[in-house]
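Here the structure comes first, spelled out in structure tokens, and everything after it is commentary.
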Amino acid sequence: MIEIEHLSKFFDETCVVDDVSMTIPGGALAVIVGTSGSGKTTLLRMINRLVEPSSGRILIDGKDISAIPPHELRRQIGYAIQGHGLFPHRTVGQNIATVPHLLGWDAAKVSARVEELLDLFQLDAAEFRDRYPSQLSGGQQQRVGVARALAAAPKLLLMDEPFGALDPIIRARAQEDLRQIQQRLGTTIVLVTHDMNEAIHLGDRIAVMDRAKLLQYDTPQEIVIRPATEFVGELLGSGERPFRLLSLQPLRPYIEPGEAPGAALDVDASLRDALEEALWSGRAAVPVRDGAGKTLGRVTLATAIRQAARPQ
Amino acid sequence: MKIGALSRLAVLILLGVFLARPDWFGWLFTPLTRNGQAAIYTQNSLLNLTLNHLAIVAAATLAGSIVAIGLAVLVTRPAGREFLPLSRTLANAGQTFPPVAVLALAVPVLGFGAAPTLLALFLYGLLPIFENALAGLASVSPDVQEAARGTGMTDGQRLLRVELPLALPTILAGIRISAIISMGTATIGSTVAASTLGETIIAGLINSNLAFVAQGALVVGALAIIVNTSLFAIERHFSRYRRDQR
Ligand SMILES: Nc1ncnc2c1ncn2[C@@H]1O[C@H](COP(=O)(O)OP(=O)(O)OP(=O)(O)O)[C@@H](O)[C@H]1O
Ligand SMILES: [Mg+2]
């Protein structure tokens, strides 16, 4: 659990983070979203003491981090940045092994861990382990950057626009991977982005920042349904709100018995997917199947439309 | 690469044979002599002169490297940043002061021999190493610096594991330039009685014996080529991560 209490940061006279308080439960994925220059990166960097706060404090699992030497604190916290920051003179394997090395793990354990992580990120160890970063594609570099951040199995992972440089398809896959890894490992993640789609798609909690202030910190549902200020509403894009709301709702509760023509949707899809599918193919209902391909029933266009309305 | 290594080896073998048995090459230098002058310098053995020459250059370059790199590291730390302009000025002054002037000024204090030569070469060679070390350290990208801090490296670990290795090819280039300059400049040390290959050149000039001048110059030139290409190969080795792009 991370408790941020009345945290402020001034650079000279300018206030960059203004009295921010928020609590991130253990195992949650919190997304900080906001316009450029709103102080997201600064807030994130105060959590691993790359920036020292001007006032306020941060507790991690109840411990005030200002009492922990910065380099020791950072070895407990994974940190992945846009542009990955891989060490160009070190191989993929050596890059991933950075923190385990600093922590003094023995060679066999480090080697096994590197293999495990390459596997997790679908990079063939025999092929990639001894390559230099310059010999990887941008997406591969990004994955190695995240693998390095996860190497010492940190309980907390900080990510600053980790998917910013990726193309939409790779980005969607990277987001999916992150979700799965987080659920599998129970890692607490704080992720910075200025992409509201990404925030809603990934976040258990979303923190919206504007001009150094934390405007709203809530679940994606609450943010979509009840934006705290006009700015939050604008950030959501007023025309897209019904679709964002639908994208937050899984199909399962809305499946009803019955037949429907055409291709089936996977049960893990969202109501938004159902709406799009129904509209695009001109169907009043679409069938839903489970992972094994068994048909579970159908979801109707009418249901999707009903659920897109703002809850009263 | 292969051809480079081979020609380096060829120059090295040729030089070795010449230094071991200079008399075998008398026929080559005779055309440069007049009135039956000696074709090969025999006052001191060419091999000894070469080894002394190399030792002086190596010592000056080593000392210059330690001081220049140390200074560059110091002034790129947060605590030392304010000394950057001052150290730049000092290194520049070392380069603008001609080595001959340093020799003239140093002899009354240090006496004749190798010491004033060492001092002159040391001062003259500081600047290229210092400037290259600064450039190399500055070239480490902010992303990489940030990542190094973010992974929990201490300041020392960051310097030794990230900054210096990344700056190394550039630093080595500075050392190479400095060593090559010193290789030629060291010959003037013989005007103050340092034992270098300049001795044959000076003897040749005094006796109007072009053969002696040519011998000294050719050996110095061959040494410069060997040192240059060897250090260049080392540089390439330490920057191999930059190549082999797909
Ligand atoms: N070290 C610093 N010194 C002075 N000002 C700084 C420093 N770091 C950040 N700032 C300023 O603080 C403000 C917030 O910066 P920050 O990097 O936190 O924004 P951000 O929300 O991450 O923006 P972006 O989305 O563009 O990355 C900016 O106006 C920036 O210029
Ligand atoms: Mg930022």
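What to note about this one:
- Here the Karplus relation 6.51 cos²θ - 1.76 cosθ + 1.60, evaluated at θ = phi - 60°, turns the backbone of the range B:85-97 into coupling constants of x, 4, 5, 4, 4, 4, 5, 5, 4, x, 7, 6, 6 Hz, with x for every Gly and Pro.
- Taking the DSSP bridge list for the protein assembly as shown and keeping only pairs wholly inside it, about 55 percent are antiparallel.
- A loss of 30 Å² or more of accessible area (1.4 Å probe, protein heavy atoms, ligands and nucleic acids excluded) relative to the isolated chain is seen in these residues of the range A:59-76: A:HIS71, A:ARG74, A:ARG75.
- Expressed to the nearest 5 percent, the antiparallel share of DSSP beta bridges inside the range A:2-240 is 50 percent.
- Shown for chain B: the carbon plus sulfur share of the solvent-accessible area, taken with all protein chains present and a 1.4 angstrom probe, equals 70%.
- For A:ALA284 and A:CYS15, the FRET efficiency from 1/(1 + (r/R0)^6), where r spans their Cβ atoms and R0 equals 41 Å, is about 0.15.
- Per-residue mean of C-beta atoms belonging to partner chains within 10 Å, peptide A:79-89: 6
- Share of alpha-carbon pairs per 10 Å distance bin for the range A:2-240, given as whole %: 7, 32, 35, 20, 6, 0
- Pairwise centroid distance, computed over Cα atoms, of the range A:143-203 with the range A:241-312, Å: 27 Å
- Number of partner chain Cβ atoms within 10 Å, mean per residue of B:134-141: 1
- Each peptide in B:104-110, B:72-78, A:150-156 gets a packing score, the mean of other Cβ atoms within 10 Å over its residues, and the list from highest to lowest is A:150-156, B:72-78, B:104-110.
- Counts of other chain beta carbons within 10 angstrom of each beta carbon in peptide A:193-201 average 0.
- Taking all pairs of distinct alpha-carbon atoms in chain B, Kirkwood radius in angstrom: 20.0 Å
- For the range A:1-100, the set of trypsin sites (Lys or Arg not before Pro) satisfying both a DSSP loop assignment and a count of at most 10 other C-beta atoms within 10 Å is empty.
- Evaluated with a Cβ-only charge set (Lys, Arg +1; Asp, Glu -1), chain B carries a dipole of roughly 560 debye about its Cα centre, given to the nearest 20.
- Stretched out straight at 0.36 nm per residue, the stretch from B:ALA138 to B:LEU84 would grow longer than its current Cα-Cα span by 18.2 nm.
- For chain A, the longest principal axis of the alpha carbon atoms and the long axis of helix A:138-150 meet at an angle near 70°.
- 10 Å binning of all Cα-Cα separations within the range B:157-216, expressed as whole percents from 0 upward: 22, 30, 18, 15, 11, 3
- Each part reduced to its alpha carbon centroid, the range B:12-78 and the range A:47-102 end up 51 Å apart.
The values are calculated or read from the model by the stated rules, or taken from the named source; none is laboratory data. Here the structure is a predicted model, which is why all the values come from computation and not from measurement. Every residue, glycine among them, receives a Cβ derived from its backbone with ideal geometry; neighbour counts consider all protein chains shown. Note: areas computed on protein heavy atoms with side chains; ligands, DNA, RNA excluded. Shrake-Rupley method; radii C 1.70, N 1.55, O 1.52, S 1.80 Å.
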